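*Asks:* Below: one structure in structure tokens.
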Amino acid sequence: GDEVKHIFKFKNTGKTNLIIETATAPCGCTVPSWPKEPIAAGASGEIEVKFNSTGKEGVQNKVVTITANTVPSTTTVKIICNVLKK
């Protein structure tokens, strides 16, 4: 039942503003938070992903899909963990 979080840091290496439209996970146990404002060229940002292990056991592989004005338009990040029984 522990909740863990990881922060994915990134830098906009493009020449225009980076606009993240959405960041989604396939289940409610994994919740991403992303910058809603444009990230200027050369600037950095963070995507925080929280995972709630309640009711989970064993190796968990949670994928977050990020949709933005990039090529390709989607990128994925993962949280992989092993949930041990107390």
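The values are calculated or read from the model by the stated rules, or taken from the named source; none is laboratory data. Every value quoted in this text rests on a predicted model; they were computed, and no experiment measured them. As a convention, Cβ positions derive from the backbone with ideal geometry for all residues, glycine included, and neighbour counts pool all protein chains shown. With ligands, DNA and RNA removed, areas are computed over all heavy atoms of the protein, side chains included. Shrake-Rupley method; radii C 1.70, N 1.55, O 1.52, S 1.80 Å.
*Asks:* Can you give me the three principal axis dimensions of the chain from its C-alpha atoms, in Å, biggest first?
*Replies:* Cα extents, longest axis first: 49, 19, 17 Å.
*Asks:* Can you give the log10 of the normalised intensity I(q)/I(0) at q = 0.13, 0.21, 0.26 Å⁻¹, computed with Debye over equal Cα scatterers of region 36-86?
*Replies:* Listed by q, the Debye log ratios stand at -0.47, -0.86, -1.09.
*Asks:* Turning to a different aspect of this structure: With every protein chain kept in the model, how would you rank 77, 31 by accessible area, 1.4 Å probe, largest at the top?
*Replies:* Solvent-accessible surface, decreasing: 31, 77.
*Asks:* Which net charge results when you count Lys and Arg as +1 and Asp and Glu as -1 among the other residues whose beta-carbon is under 14 Å from that of residue 36?
*Replies:* Result for the neighbourhood of residue 36: -4.
*Asks:* Using modelled amide H (1.01 Å from N, peptide plane; none on Pro or chain starts), what sits under 5 Å from the amide H of residue 83, excluding residues fewer than 5 places away?
*Replies:* Amide H neighbours of residue 83, under 5 Å, 5+ apart: 58, 59, 60.
*Asks:* Also, I was wondering about something else. With the chain treated as a Gaussian network of Cα nodes joined by springs under 10 Å, which of 52, 61, 17 yields the largest mean-square fluctuation?
*Replies:* Greatest mean-square fluctuation among the candidates belongs to 61.
*Asks:* Rounded to whole Hz and in sequence order, give me ³J(HN,Hα) for region 21-38 from the Karplus expression 6.51 cos²θ - 1.76 cosθ + 1.60, θ = phi - 60°, writing x for Gly and Pro.
*Replies:* Per-residue couplings from phi come out as 7, 8, 9, 10, 10, x, 9, x, 7, 10, 10, x, 10, 9, x, 8, 8, x Hz.
*Asks:* Taking only protein heavy atoms and a 1.4 Å probe, what accessible area per residue, in Å², does the chain have with all protein chains in place?
*Replies:* Details: 5680 Å² over 86 residues.
Roughly 66 Å² per residue, with all protein chains present.
*Asks:* Using the alpha carbon gyration tensor of region 1-45, what are the three equivalent-ellipsoid semi-axes (square root of 5 times each eigenvalue), largest first, in whole Å? Show your work: numbers first, answer last.
*Replies:* Details: eigenvalues 131, 27, 10 Å².
Its equivalent ellipsoid spans semi-axes of 26, 12, 7 Å.
*Asks:* While we're looking at this one, here's another question. Accessible area of the chain with a 1.4 Å probe: how many percent of it is carbon plus sulfur?
*Replies:* Accessible surface attributable to carbon and sulfur in the chain totals 54 percent.
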